[in-house]
Structures are given as structure tokens and as C-alpha cells.
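Colleague: The structure follows.
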């Protein structure tokens, strides 16, 4: 037992610090659970195709529908963090997401499943309502570290969706994966809503006026639009390879089961380990240097992914590299986006919508590329998206 356990906190600030730590932990866990909903379909494509009498490549578009739905949800709901009661908004979105996940589990065909997945992904934007709140509450010298803690939770959820989703889908069927996600989302979403502050920032205009203001916000802030373009390129490259990976692993030359292919997502735990380190580097050296380094690592991962079409060890290295690059870039760019304007929720909306739009487009391109040119076509899509993002990185402010 420590002396502080007997004598009480050493300073008046100790108890609030512990409370803030628990608050940050709950937000990180909630972000993990809700972010997983966007990627539930990706490791289950083979099972879904088998159930509906189709082929995995023919249903791969459902994974991109999820990302597109998330981008649309962000566009409409994330700016509301500047104007409405976050507690009420998180509660409502939790209920909508839960109902959509239940509908996904009961979908009679691919069309109904795609609609339900789109709605579930559009409503599960809770993490991006919480990140601006964390940035506002964090001390300036540790802001990137606090943002990184939530991002670590978010990427842990993404990894969990692939690993646990694949295992549970193989054992119980893909429908039970969506049903289980509904239960977790309801529990964590309502628990988080209950502890959120009720105060809201007073702003003029209608609730959805923030959407119309986004283009002007990007024009006035070169740092913001540069962060948006950088992350769209990085996230698109990651999405192209990661949403198509199950197609490679369950087909020739590997012929792995859905559960075994899902275990490959454990390499994504790299992101959870890198996020706190990236936050410290951003606080110390600035966002630009971290993003440049991340793009260099991502550039190395593309030829490794290409070699992974025949060599499993290359896929191992590529998975570690691309996750490290993605999360480092994300921590740096999102911290910059949250601090470059006086409307953090709107700026965060522009940033995350850009990233997920880039990811959705890359995923949509990766499916046909895999069908026509195999795994090499997917790697080419990733390279193109990195080239677009790097072009944005290379532009200097006048």
C-alpha cells in the first residue's frame, strides 16, 4: 500500500487528476467499441458471400459502404459538438447505431445489409464528438498525448473488429457478430453519455449551419486543409490494403480460414503502442516532422505488401509498418486540426470526413482492382493514394 492511500492525496489536484484519468479511459473504451462497428463487415466478407450465394469480391463493396456512411455521418453530426448538448446527442446516436446493427444481423440480402451498415456507420460517429472535448480539457503541453490516448482506443477497436469479428464469425456466424456489437455499443454508449458534461458552447445560427461553413473554414486555414489532404491519402492507402486483406488471405495462395485470417489483425496492435509515442513526439517536435516520417514508413510498406502476395513474412512487416505510419500521421494531423481554429468540432469534422472519404474511395477502388489485377492492383491503389497525400504534404504555406 502506498502512503498516499492512507494519508490521502498529496495535493488538491490529485483527486481531479484521477477523475480525469478515469474519464479519459471511459472515452477511449467507448471509442474502441463504436469505431469497431465501421469495420465489422471487412473480416466477414467470405462468410457473408457464402450465406448469400455470392463471391467475396462481389460483396467487397459493403466494406466501402461502411466507410462512406461514417463520412456522411461525420459531415452531419460531428459539427453539432460546437452547438448542442453532447450528452443528449451521444445517447441518441447510440440508440440509432444499436438498432441499425440489429437490422444488419437480420438482413435478408446484401442490399438490406448495405443499407443497415450504412446507417450504423453513419450514426457511430461518437468518437469524433468526444475527441474535441478531450482536446479542450487537456493541458496545452499534453494535448497531443491526451488525443493520442483516445486514438489508441479507436485503433484498438478497429483491430478488435478484425480479430474478434473473424473468430466470432467463424464460430457463431456473421449475424451474431453484428448482434454482439449492438449489445456492446448500447452499454458503452449510454455509460459514456451519462458522464459527459451538459454544458454547450453558445453559437449563433441553425444547428446544421456548420456544414455550410466547412468550405470557408478550409479556405481560411491552410494548416487544416493540408492536414485533411495528408490524412485522406494516408487513410486511403491503409484502407485499400486492410479492407482487401481478407480476400488475399482466404484465397490463393494462402487459403486461410476466416478465423485465421482475422488473427492477422493482431498486427494492428502496433497502432495502440505507437499512439502514445506519437503524441509525445508531436508535443515535442511538431506535427509536420511526424507526418513526414509517417509517410516515409508508409511508402516502405507498399512494396512489402506487394511482396506479401507470395511471402507471408513480408505481409507481417508491412502490417506493422502501415499501422505505425497511419496512427502517427493521425495523431499529428488531428491534433493540428483541433488547434488551428476556434471551432474545434467543425474543424475535426472537416478533417475526419476527408480521411474517411479518402478511405471509402480507396476501398471502393481496391475491390475492382483485386478482381481485375489481383493483389498487385490493390497495392497500386495504395501507392496512388499515398502519392496524393504526399503531394499535399509537400505544399508549403505562402
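No value in this document is a laboratory result; all are computed from the given coordinates. Owing to the predicted nature of the structure, the values given are computational and were not obtained by experimental measurement. Note: ideal-geometry Cβ built from the backbone for every residue, glycine included; neighbour counts use all protein chains shown.
Colleague: How tilted is helix 143-172 with respect to the longest principal axis of the chain? Cα atoms for both, answer in degrees (0 to 90, nearest 10).
Modeller: For 143-172 against the chain, the angle is about 30 degrees.
Colleague: Quick check on the exposure proxy: order 158, 38, 151 from fewest to most C-beta atoms within 10 angstrom.
Modeller: Placing the least packed residue first, the sequence is 158, 38, 151.
Colleague: May I ask for the distance between the Cα centers of the stretch 92-144 and the stretch 219-273, given as a whole number of Å?
Modeller: Here the two parts' Cα centres lie 19 Å apart.
Colleague: So between residue 140 and residue 372, what do we pick up on full extension, going 0.36 nm a residue minus the alpha carbon distance?
Modeller: Details: separation 232, 0.36 × 232 = 83.52 nm, distance 4.95 nm.
Between residue 140 and residue 372, full extension yields an extra 78.6 nm.
Colleague: Most exposed first by the Cβ proxy, i.e. fewest other Cβ within 10 Å, how do 327, 29 rank?
Modeller: 29, 327
Colleague: Can you tell me the 0 to 90 degree angle between the C-alpha axis of helix 375-394 and the longest principal axis of the chain, rounded to 10?
Modeller: The two axes meet at around 30 degrees.
Colleague: When only Cα pairs under 8 Å and 6 or more residues apart are kept, what is the percent relative contact order across the stretch 75-216?
Modeller: Numbers: 127 pairs, mean separation 65.5, N = 142.
Contact order relative to length: 46 percent.
Colleague: Sort the stretch 223-273 into rounded, prolate or oblate with this rule: let a ≥ b ≥ c be the square roots of the eigenvalues of the Cα gyration tensor; rounded if a/c is under 1.5, and if a/c is not under 1.5, prolate when a/b is larger than b/c, oblate otherwise.
Modeller: oblate
Colleague: Round to the nearest 10 and give me the degree value, 0 to 90, for the angle of helix 209-220's Cα axis relative to the longest principal axis of the chain.
Modeller: Roughly 90 degrees between the two axes.
Colleague: Also: What's the ranking of 188-197, 297-306 by average number of surrounding C-beta atoms within 10 Å, highest first?
Modeller: 297-306, 188-197
Colleague: Within 10 Å, count the other beta carbons around each residue, average over each peptide in 105-118, 222-235, and list them highest first.
Modeller: 222-235, 105-118
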